[in-house]
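J.: This is the structure I have questions about; it appears just below.
The values are calculated or read from the model by the stated rules, or taken from the named source; none is laboratory data. Quantities reported herein were computed from a predicted structural model and do not represent experimental measurements. Quick reminder, even Gly has a Cβ in these numbers, built from the backbone with ideal geometry, and neighbours come from all protein chains shown.
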Ligand SMILES: Nc1nc2c(ncn2[C@@H]2O[C@H](COP(=O)(O)O[C@H]3[C@@H](O)[C@H](n4cnc5c(=O)[nH]c(N)nc54)O[C@@H]3COP(=O)(O)O)[C@@H](O)[C@H]2O)c(=O)[nH]1
C-alpha cells in the first residue's frame, strides 16, 4: 500500500505551510529523473541533426530567456511593494541571465555571426557565464534572510552592477576568447574544464537547495518550496550538460528543457508571492469585510467628495432597509429630508475637521416608521486630500427607550408613577425661586395615611401597594397643573402648592381628607382610609426647602398625636413640643428595663351598697430626669412610636399578676379593669395572650375587665366586633371607655358583646351645671339599660354629681370623690379596710 507523501519523515520534518509545494516539487523532480534514466538506458540516435536541432534549441532558449525576463520583470516590479533585498537580487541576477542566455543562443553553432562567428566554444562561454550567474544569484537568495530593505536607491546600483558583469563577459568572449580555457574540442567533446565547471555548478545548486530546505522548518514569507525545486532542477539540468557527447544529443536537449522548467519554477515562486498572493489576500479581506458588515446591525454608506453614495450596506434584520440600487449614485441631498440632511452635514463637517464625529440621536420618520438614529462619520482621505466620508447609521431607538426609562426611574416612583423625592425637590426648588421673585407663598402638605401598617399586616403588602396607588389617584384630581404631588416613600405623600395662602392650604387639605374618607376600591377590596396632614408655609415658616419639609413633618406628627384624620399647621412652639415628644419617645424605650414604670389602682364602686367592686389599672412613669410623666402625654407617644404593644403587654402581665396575689390573700370578689390601646386591640393573638395569662395566674376570666375607648372600637367596627367576640368567649368582661365622645350608633353598639359603658368624665363633670350633659348622661344610661349593659360614671368629684347619677340609676362610679388612683400598697390597705367594714356590723 503506497504511503502518502505527507507521512514521510522528509516532508513531515518541514513546516506544514511548505508541504504542498514540496509534494509538487517531488512529483516534478521524480518525473524528470525518470526521463533522464530512460534517456541513459535507451540511448537515442542523434535526434534531428545540426539543422533540425538549431530551431529546437532556439525555441527552448527563447522560452528560457522569456521566463528569465519575466522573473526580472515581476521581481523588479514587486520590489517597490515588498522591498525585499532578495527579490532585488533575483531581479538583477536574472536580468543578466536573460542577456547571457540570449548571447548564448545567438552564438550557437549554425547561427549567423554575432559580432564574431558562431562556434561551440563561444556559445559554451556565454552558457557557463549565464549558468554561473543564475547559480550565484540563487545561492545569494538562499543565504540572505528574506527581509524588508529601506533603501530603494540601491536597486539601480545593483542592476548596474549586474549589467556591468554581463558587459565584461561579452567583451571577454568577443575580444579575448583565446585567453579563456578550452571547453569543447571538436570530435572529442567537452573538456575537463567544462565538465568541472558543470560539477561546480551542480554543487552550488545543491548547496542552495540545502539552504532552502533548512529554511523550510519555519513558515517563510515566500514560496521557498518553488525556489528549492528550481535549485534542484538546475542541478539536474547541469548534470545533463556533463553527460552529452554531441551538442545535438538527447542530454543536451533534456538539459535545456530542464533549464526552462527550472526557470518556470522560479517564476512561479515569485509570481505566486508577488501577484497571486496579494490578489488572494484582497479577496480574503473583501470576504472578511463583507462578513464584518453583515455582523454589524448598522447601515453603512460610503460617500464621495460630492456627497454621492458610492456604496451602501444594511443589515438584513434592520428595521430601516436600504435598497442599494435605489441609492447608489444619488446625492444625500436627494435622499434625505431637510432635518436629517442637516444632522448629516453637521456631523460630516465635524468629521472632516477632526477625522471622526458622532451626531446626537435624532428622530427619523418615514411613513409609519419612526426611529431614533445616530450617525458616526469618518472622513476618508488619500494623503491630505479628502475623498469622501464613511457614514455608519445606527438605530438607537431601544437605547433611547432605555435612557427614557432610566430617566423615568430616576424621577418617578415606580409604584404610583408620581414624582419621587428627586423630581419633587427639583420642581419645588423652582417653585420657591418663582415665589421669591413674585413675593408669593408656597404651602407644603405632608400627608401620612393613618393605620396603613394595619392594612399591610392584615391584607398583605400587595393590597397595601394597591391602596397607595388608589390614594395617589384619589389625590391627583384635586391638584392644579402647577402643584406637585410626590410619594416620599412608605405611606407618606407630599404636595407642594405654589401661590397659596394658609386659608387656601387648609381648604385644600380638608378637601383631600374628605376625599380619602370616601370608599376606596383596590385589589378586590373596598375600604375607607384617613390621613394626618401637616402644613408648612413658605416664607412664613422657613425659606429653606429641607426646613419646610421638616416643619411639615413636625405638624403631621402633631396631627397624629391629636388623634389622626386631622390637619395641623406648623407653629413656632411646635418645634419645642416636637423636641419634648422625641425626648419622651427615646426615654420610653428603656423605661421598662429601668423599672421606671409602675401601676396605680383607682377604686371603682357599685352605687348600690357603696361597695368596692374593683380597680382600674392606671400606668405611671417616674423618670429620673423628666420626673413624673402623665400617661395622657406618654401613652400617645408610645402609640405613635409603636412601643405601646410592649408596654401594654407589660401592664397586662403586671395587672393580672397583682390580681392573682390579691386573690391569694382572699380578695376574690374584686375585678381589675385594664386599658387596652388601639394597637393592642388590633393584635390578632390578643385573646390567646389573655387566655394564657389568666390560665398561668389561675384567675377566673370574669375577674378581668378589658377597657377600650369608643374611638378604638369605632375605627374598624367589623374587626372590633370580631375581637370583642373572641374576648367575650373567654369570659372576660368588656367595657367601652370614654363613652359619649365618639360616634357610636346604637345600631353598632348592639353588635358588641359589651358589659359596661364608662360614661366620659367630661359629661359627668358638667352633669350638675349643664342640662345638655345631664341629658346626655341620661340617654347613655337608658340606652345601655335597654341593651342590657351596665354603666359606670368616670370622674365623679362631688356629692351632687353622685346623687344625680344615683337618680339616673347609674350602676357604678369612679372618681376623686371616693378614691384617687392609689399605689399598690394603698390599694391593698383599702381592700383590707373594706373587707373589715363588710365584716364589722
Ligand atoms: N392604654 C393605656 N392607657 C392608659 C393606661 N394608664 C392610663 N392610661 C390612659 O391615660 C390617660 C390618662 O390617665 P391618668 O392620667 O391616669 O388619668 C386617669 C385618672 O387619674 C383620671 N381620673 C379619674 N378620676 C378622676 C376625677 O375624678 N377627676 C379627674 N380630673 N380625673 C380623674 O382619669 C383617667 C382615667 O381615665 P379612663 O382611662 O378614661 O378611665 C387616660 O386616658 C387613661 O386611660 C394604660 O395602662 N394603658
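J.: Need at least 1 residues that are within 18 Å of residue 737 (Cβ to Cβ) and out of contact with any strand residue (DSSP E or B) (no Cβ under 8 Å at 6 or more places or on another chain) per element, so show me which helices (runs of 4 or more DSSP H) inside the stretch 758-838 make the cut, counting only ones lying wholly within it.
T.: Values: elements: 761-766, 771-786, 799-807.
Qualifying helices (runs of 4 or more DSSP H): 761-766, 771-786.
J.: Something else now. If I filter the stretch 640-681 down to residues being part of a loop (DSSP other than H, G, I, E, B) and within 8 Å of the ligand (Cβ to nearest atom), which single residue comes out as surrounded by the fewest Cβ atoms within 10 Å (Cβ to Cβ)? Step through it out loud before you land on a result.
T.: We begin by selecting, within the stretch 640-681, every residue part of a loop (DSSP other than H, G, I, E, B); these are 641-643, 665-670, 676-677.
Restricting the remaining residues to those that are within 8 Å of the ligand (Cβ to nearest atom) gives 676-677.
Details: 676: 25, 677: 20.
Ranking the qualifying residues of the stretch 640-681, first place goes to 677.
J.: Moving to a separate point now. Just a yes or no: is a residue in the stretch 491-510 surrounded by fewer than 21 Cβ atoms within 10 Å (Cβ to Cβ), part of a helix (DSSP H, G or I) and under 40 Å from the mean Cα position of the chain (by Cα)?
T.: Within the stretch 491-510, not a single residue is surrounded by fewer than 21 Cβ atoms within 10 Å (Cβ to Cβ), part of a helix (DSSP H, G or I) and under 40 Å from the mean Cα position of the chain (by Cα).
J.: I'm told residue 588 meets every condition in (1) surrounded by fewer than 21 Cβ atoms within 10 Å (Cβ to Cβ); (2) within 16 Å of the ligand (Cβ to nearest atom); (3) touching a residue at least 40 places away in the same chain (Cβ under 8 Å); (4) farther than 30 Å from residue 790 by Cα except one. Can you identify the failing condition by its number?
T.: (1)
J.: Can you tell me which residue is nearest to the chain's Cα centre (by Cα) among those in the stretch 796-811 that are surrounded by 18 or more Cβ atoms within 10 Å (Cβ to Cβ) and within 12 Å of the ligand (Cβ to nearest atom)?
T.: Applying the filter and picking the extreme gives 796.
J.: Can you name every residue in the stretch 560-577 that is part of a loop (DSSP other than H, G, I, E, B) and without any contact (Cβ under 8 Å) to a residue 60 or more places away in the chain? Give the derivation first.
T.: Initial filter on the stretch 560-577 (part of a loop (DSSP other than H, G, I, E, B)): 562-566, 570-573.
Once the filter is applied, which keeps residues that are part of a loop (DSSP other than H, G, I, E, B) and without any contact (Cβ under 8 Å) to a residue 60 or more places away in the chain, the stretch 560-577 yields 562, 566, 570, 571, 572, 573.
J.: Condition first: more than 24 Å from residue 267 (Cβ to Cβ) and in contact with a strand residue (DSSP E or B) (Cβ under 9 Å, 6 or more places away or on another chain). Now tell me which residues in the stretch 124-146 satisfy that.
T.: Selection gives 124 alone.
J.: Just a yes or no: is a residue in the stretch 258-269 touching a strand residue (DSSP E or B) at 6+ places or on another chain (Cβ under 9 Å), touching a residue at least 24 places away in the same chain (Cβ under 8 Å) and either over 17 Å from residue 68 (Cβ atoms) or part of a helix (DSSP H, G or I) (or both)?
T.: Initial filter on the stretch 258-269 (touching a strand residue (DSSP E or B) at 6+ places or on another chain (Cβ under 9 Å)): none.
No; the residues of the stretch 258-269 include none that is touching a strand residue (DSSP E or B) at 6+ places or on another chain (Cβ under 9 Å), touching a residue at least 24 places away in the same chain (Cβ under 8 Å) and either over 17 Å from residue 68 (Cβ atoms) or part of a helix (DSSP H, G or I) (or both).
J.: Regarding residue 725, is this residue within 16 Å of the ligand (Cβ to nearest atom) and surrounded by fewer than 19 Cβ atoms within 10 Å (Cβ to Cβ)?
T.: Working: within 16 Å of the ligand (Cβ to nearest atom): no; surrounded by fewer than 19 Cβ atoms within 10 Å (Cβ to Cβ): yes.
It is false that residue 725 is within 16 Å of the ligand (Cβ to nearest atom) and surrounded by fewer than 19 Cβ atoms within 10 Å (Cβ to Cβ).
J.: Select from the stretch 741-756 the residues that are within 15 Å of the ligand (Cβ to nearest atom) and under 22 Å from residue 517 (Cα atoms) and write down the one among them that is modelled with the highest pLDDT.
T.: Among those residues, the one meeting the criterion is 741.
J.: With farther than 26 Å from residue 797 by Cα, within 14 Å of the ligand (Cβ to nearest atom) and surrounded by 14 or more Cβ atoms within 10 Å (Cβ to Cβ) as the only criterion, which of 567, 629, 637, 617 stands out? Walk me through it before giving the result.
T.: Numbers: 567 fails: within 14 Å of the ligand (Cβ to nearest atom); 629 fails: farther than 26 Å from residue 797 by Cα; 617 fails: farther than 26 Å from residue 797 by Cα.
It is 637.
J.: Restricting the search to the stretch 695-705, which residues are touching a strand residue (DSSP E or B) at 6+ places or on another chain (Cβ under 7 Å), more than 14 Å from residue 654 (Cα to Cα) and either within 16 Å of the ligand (Cβ to nearest atom) or assigned to a loop (DSSP other than H, G, I, E, B) (or both)?
T.: Filtering the stretch 695-705 for residues touching a strand residue (DSSP E or B) at 6+ places or on another chain (Cβ under 7 Å) gives 702-705.
Cutting the leftovers down to more than 14 Å from residue 654 (Cα to Cα) gives us 702-703, 705.
Across the stretch 695-705, the qualifying residue is only 705.
J.: Additional query: When you check residue 605 against the structure, is it more than 9 Å from the ligand (Cβ to nearest atom), more than 55 Å from the chain's Cα centre (by Cα), farther than 17 Å from residue 703 by Cα and surrounded by 18 or more Cβ atoms within 10 Å (Cβ to Cβ), yes or no?
T.: On the way: more than 9 Å from the ligand (Cβ to nearest atom): yes; more than 55 Å from the chain's Cα centre (by Cα): yes; farther than 17 Å from residue 703 by Cα: no; surrounded by 18 or more Cβ atoms within 10 Å (Cβ to Cβ): yes.
Against the criterion (more than 9 Å from the ligand (Cβ to nearest atom), more than 55 Å from the chain's Cα centre (by Cα), farther than 17 Å from residue 703 by Cα and surrounded by 18 or more Cβ atoms within 10 Å (Cβ to Cβ)), residue 605 does not qualify.
J.: Could you count how many residues in the stretch 783-795 are touching a helix residue (DSSP H, G or I) at 6+ places or on another chain (Cβ under 7 Å) and away from the ligand (no atom under 16 Å from the Cβ)?
T.: Summing the residues that are touching a helix residue (DSSP H, G or I) at 6+ places or on another chain (Cβ under 7 Å) and away from the ligand (no atom under 16 Å from the Cβ) in the stretch 783-795 gives 2.
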